[in-house]
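Just below is one structure, and these are the notes that go with it.
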Amino acid sequence: MIPVIDNIKSLARWKIIFLISFLTCLLSGSHAFANLQNSKRHFYGGHFGIELGLVNQYEVAGIIGYRMLPRWDAGIGIKYQYYNNRRLNEMFRAHLYAPLVYTDFVIIRDLDDFLPFSFIDGPFFIHAQMDYFYLPADHFDLKNEHTGNRFFRPTWLTGAGIRRFTGSNSFFQLLIMMDISGHGRSVYSNPVIRFGLFF
């Protein structure tokens, strides 16, 4: 039982280190939110995430987005994830793929105007996303509902994030999401933290 507790503590430390490192990058950027509002409406980039613990995940995604309105973005993408589950008696490894769709809505245009102290001159937004994973049935289909080796299953994520603009068309992004799908065996471990860079 003690090794499990130590593993969870180690995982929490890694998440904090990644979070602090990314926030440092965000805070060192330039003041460019106003310029972005007048820039091109489409953008592209991607995000990455690492989850370490009893379930290890390494994820990268390519994304194309479109600014529907000044506060509303939507987009599509595709992601790859290396999945390694050590909770089971036998270690399970898999390469997972998923197309995704998402939408963001900016709640606060500039956190510095909202907070009583200087934090980050970028927006705070809410986020919703659907990943349509192509999953190995022997690991993720606990109810034996599918006959093939793999099956498609939607995963629903919701959360919030902050952005730091570094130019008229570029920004860093930090997302913290929760998997709200309710699957018996989920691809993700909550919370889901993703770092992104877009142009």
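The values are calculated or read from the model by the stated rules, or taken from the named source; none is laboratory data. Note that the structure is a prediction, hence the values are computed from the model and not measured. Every residue, glycine as well, gets a Cβ built from its backbone with ideal geometry; the counts of neighbours run over all protein chains shown.
Keeping to the range 39-59, report how many residues are of a type in the set (D, E, K, R) and either more than 20 Å from Ile176 (Cα to Cα) or outside any strand (DSSP E or B) (or both). So that I can check it myself, show each step before the final result.
To start, the set of residues in the range 39-59 that are of a type in the set (D, E, K, R) comprises 40-41, 51, 59.
Then drop every residue that is not either more than 20 Å from Ile176 (Cα to Cα) or outside any strand (DSSP E or B) (or both), which leaves 40-41.
So the count comes out to 2.
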Inset, instruction - Go through (1) touching a Lys or Arg at 6+ places or on another chain (Cβ under 9 Å); (2) modelled with pLDDT of 85 or more; (3) surrounded by 14 or more Cβ atoms within 10 Å (Cβ to Cβ); (4) closer than 23 Å to Val192 by Cβ one by one and return the number of the condition Leu111 breaks. - result: (1)
Inset, instruction - Check the range 178-186 and report whether any residue there is among the basic types (Lys, Arg), in contact with a helix residue (DSSP H, G or I) (Cβ under 9 Å, 6 or more places away or on another chain), touching a residue at least 24 places away in the same chain (Cβ under 8 Å) and over 20 Å from Tyr82 (Cα atoms). - result: no
Legend entry - When residues of the range 170-189 are limited to those that are of a type in the set (A, V, I, L, M, F, W, C) and outside any strand (DSSP E or B), the one surrounded by the fewest Cβ atoms within 10 Å (Cβ to Cβ): Ile180
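Just checking, which of Asp121, Asp131 is modelled with pLDDT under 95 and either in contact with an Asp or Glu (Cβ under 6 Å, 6 or more places away or on another chain) or part of a strand (DSSP E or B) (or both)?
On inspection, the qualifying residue turns out to be Asp121.
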Inset, instruction - Could you list all residues from the range 140-199 that are farther than 17 Å from Pro123 by Cβ, within 19 Å of the chain's Cα centre (by Cα) and polar (S, T, N, Q)? - result: Thr155, Thr158, Ser181, Ser186, Ser189, Asn190
Inset, instruction - Determine, yes or no, whether Asp121 is among the acidic types (Asp, Glu), touching a strand residue (DSSP E or B) at 6+ places or on another chain (Cβ under 6 Å) and in contact (Cβ under 8 Å) with a residue 24 or more places away in the chain. - result: no
Inset, instruction - Output the number of residues of the range 60-103 satisfying the condition of being outside any strand (DSSP E or B) and either closer than 18 Å to Gln129 by Cα or of a type in the set (A, V, I, L, M, F, W, C) (or both). - result: 3
Legend entry - All positions within the range 82-96 that are free of Cβ contacts under 8 Å to residues at least 40 places away in the same chain and farther than 16 Å from Phe151 by Cα: Tyr82, Asn84, Arg86, Arg87, Leu88, Asn89, Glu90, Met91, Arg93
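Results for (1) surrounded by 17 or more Cβ atoms within 10 Å (Cβ to Cβ); (2) out of contact with any helix residue (DSSP H, G or I) (no Cβ under 6 Å at 6 or more places or on another chain), shown as yes or no for each residue.
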position: His127; (1), (2): yes, yes
position: Asp131; (1), (2): yes, yes
position: His139; (1), (2): no, yes
position: His146; (1), (2): no, no
position: Arg163; (1), (2): yes, yes
position: Ser168; (1), (2): no, no
position: Pro191; (1), (2): no, yes
position: Arg194; (1), (2): yes, yes
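Looking at Ile120, is it among the aliphatic types (A, V, I, L, M), surrounded by 13 or more Cβ atoms within 10 Å (Cβ to Cβ), touching a helix residue (DSSP H, G or I) at 6+ places or on another chain (Cβ under 7 Å) and over 18 Å from Ser189 (Cα atoms)? Don't jump to the end; show me each part of the working.
Numbers: among the aliphatic types (A, V, I, L, M): yes; surrounded by 13 or more Cβ atoms within 10 Å (Cβ to Cβ): yes; touching a helix residue (DSSP H, G or I) at 6+ places or on another chain (Cβ under 7 Å): yes; over 18 Å from Ser189 (Cα atoms): yes.
Taking the combined requirement at face value, the residue satisfies it.
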Legend entry - Subset of the range 134-164 [modelled with pLDDT of 95 or more and among the small types (Gly, Ala, Ser)]: Gly159, Ala160, Gly161
